[in-house]
1. Solvent-accessible area per residue for the range 207-358 at a 1.4 Å probe radius, Å²?
2. Taking all protein chains in place and a 1.4 Å probe, what share, in percent, of the accessible surface of the range 182-303 do carbon and sulfur account for?
3. Rounded, prolate or oblate, given the Cα gyration tensor of the range 147-250, with a/c below 1.5 counting as rounded?
4. Return the aspartates and glutamates within reach of Lys157: Cα separation strictly under 19 angstrom, same-chain partners fewer than 8 residues apart disregarded; answer none if there are no such residues.
5. With a 1.4 Å probe and every protein chain left in place, tell me how much accessible area His33 has, in Å² to the nearest 10.
6. So for each of 134-140, 274-280, 290-296, 323-329 I average, over its residues, the number of other beta carbons within 10 Å; can you give me the resulting order with the highest mean first?
7. Please list, in order, the residues from the range 1-26 whose amide nitrogen is less than 20 Å from a point placed 7 Å along the Cα→Cβ vector of Lys48.
8. I'd like the Karplus ³J(HN,Hα) series for the range 243-251: coefficients 6.51, -1.76, 1.60, θ = phi - 60°, whole numbers in Hz, and an x wherever there's a Gly or Pro.
Amino acid sequence: MSKRDFYEVLGVSKNASEAEIKKAYRRLAMKYHPDRNAGEQSEETEKKFKEAKQAYEVLSDAQKRAAYDQFGHAGVDNSMGGGYGGQGQGGNFSDIFGDVFGDIFGGRGGGGSRVHRGADLRYNLQLSLEDAVAGTTVKIRVPTMVKCNPCSGTGAKKGTKPKTCTTCAGHGQVRMQQGFFSVQQTCPTCRGKGTEIESPCPACHGAGRIQEHKTLSVKVPPGVDTGDRIRLSGEGEAGESGGPAGDLYVQVSVKQHDIFSREDNHLFCEVPISFVTAALGGELEVPTLGGKVVLKIPAGTQSGKMFRMRGKGVKPVRGGPVGDLLCKVMVETPVNLTEQQKELLRQLEESMKGAGSKHSPHSTGWLDGVKKFFEGMGF
């Protein structure tokens, strides 16, 4: 009796991917496996199960699949053994089924001691705006787990070595058969390490790591801002069983400044000016992060006017042009006036009456708008 085409058996096309072949076989195995058909097993069901198993054994192996695609069943009959039954078919069902369903329960473990990369750490670093813009170098003290020197991170007493776990034979996992499912679990004896320690190191009590405080020098590049991170490779926690250390991430936070605020690569500040300077014009000394500069105030400057000082901002840490300093002038109303000063202001106001928009263009325009509004409302 001629054998069915293996692609037809699994219900996939000849250019099906490895994942598609595995998925098709998984579906058929779940449907026709004897454990799922207990009490109603028939020759037809058993035949379909064995047929699907043999098709998967060939099509999941790159060399066998290539031979099958070129020569058909004749190209793989010798490697598959005789017929659909027997042990000559290249391994038992639990092996192949474990391969198919291994992605659900975890892959098979190899031999030897399990090493694990250490955890990453985070350190919050507060900087002044000046240091963030100019760059600086700071010392930080970080509590962390470091490799135990007496045992070199093995956890075993000096002069001894961890031995292979007798429960899992060094795999770190044990396999349990539940019906037709092959399930892998972490070894309860060595807890996944693959080794046991008979004589623990007295310094770390078998952990292979001890807690210490490390003092590190952190170079902060110019232009960093709140939210930026600086990565210190290998300065995190030491790994278990001598594994590599994790990384330390320094999280930057810039303190609020008394004068400046920052937005991207620009700086902003408010500059109070007197009523007289705003009216007559003048020059002011304005602070920048690089020193003092002179700001020229034209006559008739209104409160809220923004002046841009190019190149007095921040050079971004990731490159790009230097930002600007934007100064917003705020006209300050005089307070605590003497009677003489009040009288002088009254005289000034009296002298400007009747001039209309000549002296107060914004006020005149606003009053005209209000007048039209009232007239439109019928007031």
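1. Numbers: 9470 Å² over 152 residues.
In whole numbers, the range 207-358 has 62 Å² accessible per residue.
2. Numbers: 3140 of 6730 Å².
In the range 182-303, the share of accessible area belonging to carbon and sulfur is 47 percent.
3. Oblate, since a/c reaches 1.5 and b/c is not below a/b.
4. Glu196, Glu198, Glu240
5. 10
6. Details: 134-140: 13.3, 274-280: 15.1, 290-296: 10.7, 323-329: 19.7.
The most tightly packed comes first, giving 323-329, 274-280, 134-140, 290-296.
7. Correct set: 2-13, 21-26.
8. Karplus-based 3J(HN,Hα) across the range 243-251 equals x, x, 6, x, 10, 10, 10, 8, 8 Hz.
The values are calculated or read from the model by the stated rules, or taken from the named source; none is laboratory data. Not measured: the values here are computed from a predicted model. Quick reminder, even Gly has a Cβ in these numbers, built from the backbone with ideal geometry, and neighbours come from all protein chains shown. SASA here: full protein model, heavy atoms, side chains in, ligands and nucleic acids out. Shrake-Rupley method; radii C 1.70, N 1.55, O 1.52, S 1.80 Å.
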